Structures are given as C-alpha cells and as structure tokens.
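Comments concern the structure below.
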Amino acid sequence: AITNPVDRTSDPYPSRLPEEKWLPREDKVVWSQWRPDAPLTAQQADQFDRDGFLVLKNLFSEEEVKALMAESAAMRGGERKLMDGSVITEPGSDEVRTIFKLPEQSALFERLSRDRRIAGIVSFLLGDDIYVHQSRLNYKPGFTGKEFYWHSDFETWHAEDGMPRMRAISASLLLTDNDELNGPLMLMPGSHKQFIACAGETPEDNHKSSLKKQEVGVPSHEALTKLASAHGIVPATGKAGTLVLFDCNTMHGSNGNITPFARSNAFFVFNAMSNQLTEPFGARKPRPDFLAHRGEPKPIDVATGKLV
Ligand code: AKG
C-alpha cells in the first residue's frame with residue numbers, strides 16, 4: 001500500500017535517466033534550531049550541515065563495544081539462526097559481508113538502535129521522530145574484504161525504495177578500530193548539497209548484485225572526479241566506539257581490506273517519520289523489506305544510560 005502519497009510530476013530528484021544530471025538539493029540538512037539542551041553542540045550541528053557528516057569519538061565505552069563485538073561474532077559465526085535472506089557474502093567467497101535486520105535479530109542491537117547517543121542526536125538533526133529504515137552489520141574481513149563503490153545512499157533509496165525527500169541519516173558505530181589502512185568509510189565533505197541523478201535504467205532485482213558490487217545508481221568517473229576535486233575526500237577513522245553520522249546524500253564509499261585486520265561497523269539508517277516510503281521513483285518494484293522498511297513504521301523510543 002502507498003503511504004504518504006507524493007506528487008511524482010514535481011519530483012525534485014529524478015534519477016536513472018538516459019543522461020547524468022546535477023541537481024540542487026531542495027531539502028534542509030539540519031532540521032532543528034539548535035538549543036542548549038540539544039544532544040550536540042552548536043558547532044557540531046553546523047559542521048554536520050556544512051560537511052554532511054560528523055565523527056564523534058569515544059562515544060561508547062570499551063565494555064559496551066566488547067559486548068557488541070561478542071554479539072556480532074555470535075551472529076556471524078552461525079551460533080544464531082538468522083532470518084532467511086538477511087546475510088550477504090563477499091563477492092566470490094563465503095565470507096560474511098553484511099547481516100541486515102539487527103534490531104529484529106538481537107536484543108542488544110535493538111537497544112543500541114534506540115540509544116540517545118545515536119537516535120537522540122539523529123532525531124534532533126532530522127527535527128522529527130524517527131524510525132529504522134535499514135540496519136546492517138558490515139564486516140569487511142581482513143585479506144578478503146571488498147570495497148563499496150562511491151554512491152549517494154539517497155539516490156538508491158529514492159529510486160529503488162521510494163523515499164520522497166532527503167531527510168534520513170546513517171549512523172555507523174565502529175566496532176573495530178577503523179584506520180587509514182583497513183578500508184574505512186571515505187566521504188566527500190559538502191557533496192550532499194547537490195544531487196547527481198544517475199544515468200541508466202534500474203535492472204530487475206538490481207539489489208541481488210548491487211549489495212555485493214554496485215553498478216547502477218553510481219555517478220560517472222567524470223562526475224566523481226569533479227566532486228572530489230571540489231570537495232576532497234576524508235576518511236572517517238577512529239577507535240572502536242566512535243560514531244560516524246552522515247547525511248543520506250553525502251557521496252561515500254570505501255576501499256577493500258587486504259590488511260589482516262577486520263573492519264567491522266554497525267549501521268543504522270534512520271528516516272524521519274514524515275518521510276515514509278512511497279512507490280519507487282526509478283524502479284518497477286520496491287526492494288525487499290530487509291533493505292527498506294515498508295508499512296507502518298514504529299517511532300523510536302529513545303533510551304538513556306549504558307548498554308550493558
Ligand atoms: C553503505 O552501506 O551504504 C556503505 O556505503 C557501506 C560502506 C562501508 O561499510 O564501508
């Protein structure tokens with residue numbers, strides 16, 4: 001069923017067109033006025049607005065990270081029965097690349113998704129109640145972890161999932177140290193202020209290959225060169241327990257990991273309650289629920305205090 005119908009003829013972000021196009025962002029980045037009781041400083045809110053991302057160090061304690069790591073190892077190691085279709089392996093091997101649906105499969109990750117240090121900040125930035133649009137553990141094992149090619153998440157969520165506007169934020173909690181070497185997230189600061197409408201039609205069941213290696217919904221080399229020359233590229237590095245928040249339209253990607261040291265992160269995508277999904281804007285049918293929550297979403301009930 002279509003919730004929250006929108007006028008498709010005036011879509012500000014048409015994509016999957018015959019030709020690539022640069023379009024201006026028509027949405028705010030920070031949706032709340034800063035106030036003294038905000039969960040961020042005014043400077044951090046301004047930085048998020050300007051750069052389209054924010055790295056918050058030492059947000060979670062060693063003990064909390066240890067518990068999350070143990071939980072993540074149990075999920076990955078086959079000790080837990082996981083939902084069908086929620087596990088993606090690395091291209092060309094059986095190594096786990098991604099596990100989706102964290103709150104549905106783990107009480108600890110459910111609690112993490114509601115933590116004030118993540119959900120409280122995101123809800124403030126989006127100026128609305130929020131819900132989990134997608135959640136995942138990205139493992140990137142040592143030696144064999146493959147790259148994530150450059151993309152704007154919003155391009156895919158709009159075209160393939162029917163997310164109407166740019167009012168969503170990804171939160172990546174580093175569960176291992178992410179340094180310059182083991183394939184950290186890389187972002188182009190300021191790239192979120194323009195939308196690159198991508199060339200090419202969406203193939204049927206595109207997600208089956210794009211989750212291993214994305215080929216549709218990515219900008220051309222020319223566009224990426226122009227963006228990176230204008231904005232630069234920054235690695236989001238930090239010790240385990242660091243939180244990386246980034247706007248849904250910030251251009252990002254990451255290199256493969258040939259170091260022996262795994263790089264693993266827990267990802268939650270939060271969408272504003274006022275920005276619920278409609279029909280896809282650039283694909284015939286919507287992607288499965290594990291990639292994009294459809295139907296009546298449950299607003300997050302923010303929890304305070306330590307995880308463990
Ligand atoms: C995504 O999940 O959209 C990513 O780009 C993941 C990048 C990474 O885990 O390095």
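Would a scan of the range 209-222 turn up a residue that is more than 16 Å from the ligand (Cβ to nearest atom), within 23 Å of residue 267 (Cβ to Cβ) and either open to solvent by 10 Å² or more (accessible area, probe 1.4 Å) or under 18 Å from the mean Cα position of the chain (by Cα) (or both)?
Scanning the range 209-222, I find no residue that is more than 16 Å from the ligand (Cβ to nearest atom), within 23 Å of residue 267 (Cβ to Cβ) and either open to solvent by 10 Å² or more (accessible area, probe 1.4 Å) or under 18 Å from the mean Cα position of the chain (by Cα) (or both), so the answer is no.
For the range 88-128, list the helices (runs of 4 or more DSSP H) that sit wholly inside it and hold at least 2 residues that are touching a helix residue (DSSP H, G or I) at 6+ places or on another chain (Cβ under 6 Å) and open to solvent by 10 Å² or more (accessible area, probe 1.4 Å); which are they?
It comes to 107-113.
Might you check whether a residue that is of a type in the set (Gly, Ala, Ser), in contact (Cβ under 8 Å) with a residue 60 or more places away in the chain and within 26 Å of residue 266 (Cα to Cα) occurs anywhere in the range 9-18?
Scanning the range 9-18, I find no residue that is of a type in the set (Gly, Ala, Ser), in contact (Cβ under 8 Å) with a residue 60 or more places away in the chain and within 26 Å of residue 266 (Cα to Cα), so the answer is no.
Only one of these conditions is not met by residue 127: (1) more than 12 Å from the ligand (Cβ to nearest atom); (2) at negative phi. Which number is it?
Going through the list (1) more than 12 Å from the ligand (Cβ to nearest atom); (2) at negative phi, residue 127 breaks only (2).
Among the residues of the range 33-43, is there at least one that is open to solvent by 20 Å² or more (accessible area, probe 1.4 Å) and among the aromatic types (Phe, Trp, Tyr)?
Within the range 33-43, one or more residues are open to solvent by 20 Å² or more (accessible area, probe 1.4 Å) and among the aromatic types (Phe, Trp, Tyr).
Which residues, counting only those in the range 259-274, are surrounded by 22 or more Cβ atoms within 10 Å (Cβ to Cβ) and of a type in the set (S, T, N, Q)?
Those that are surrounded by 22 or more Cβ atoms within 10 Å (Cβ to Cβ) and of a type in the set (S, T, N, Q): 264, 265, 271.
Among the residues of the range 225-233, is there at least one that is within 15 Å of the ligand (Cβ to nearest atom) and not in a loop (DSSP other than H, G, I, E, B)?
Scanning the range 225-233 turns up no residue that is within 15 Å of the ligand (Cβ to nearest atom) and not in a loop (DSSP other than H, G, I, E, B).
Select, from 271, 249, 257, the only residue that is touching a His at 6+ places or on another chain (Cβ under 6 Å) and within 14 Å of the ligand (Cβ to nearest atom).
Result of the check over 271, 249, 257: 249.
For (1) at pLDDT 95 or above; (2) open to solvent by 20 Å² or more (accessible area, probe 1.4 Å), each residue gets a yes or a no:
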| site | (1), (2) |
| --- | --- |
| 241 | yes, no |
| 244 | yes, no |
| 248 | yes, no |
| 257 | yes, no |
| 298 | no, yes |
| 304 | yes, yes |
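Kindly indicate the residue of the range 160-204 that is part of a strand (DSSP E or B) and more than 13 Å from the ligand (Cβ to nearest atom) and also farthest from residue 274 (Cα to Cα) among those meeting that condition.
Here the answer is 199.
Looking for something of a type outside the set (Lys, Arg), within 13 Å of the ligand (Cβ to nearest atom) and either in a strand (DSSP E or B) or over 13 Å from the mean Cα position of the chain (by Cα) (or both) - is there at least one such residue anywhere in the range 150-159?
Among the residues of the range 150-159, at least one is of a type outside the set (Lys, Arg), within 13 Å of the ligand (Cβ to nearest atom) and either in a strand (DSSP E or B) or over 13 Å from the mean Cα position of the chain (by Cα) (or both), which makes the answer yes.
May I ask you to say which residue of 83, 75 is more than 16 Å from the ligand (Cβ to nearest atom) and outside any helix (DSSP H, G or I)?
Of the residues listed, the single one that is more than 16 Å from the ligand (Cβ to nearest atom) and outside any helix (DSSP H, G or I) is 83.
The values are calculated or read from the model by the stated rules, or taken from the named source; none is laboratory data. These figures come from a predicted structure and were not determined experimentally. Please note: Cβ atoms are built from the backbone with ideal geometry, for glycine as well, and neighbour counts cover all protein chains shown. Protein only, heavy atoms only, side chains kept; ligands, DNA and RNA dropped before computing areas. Shrake-Rupley method; radii C 1.70, N 1.55, O 1.52, S 1.80 Å.
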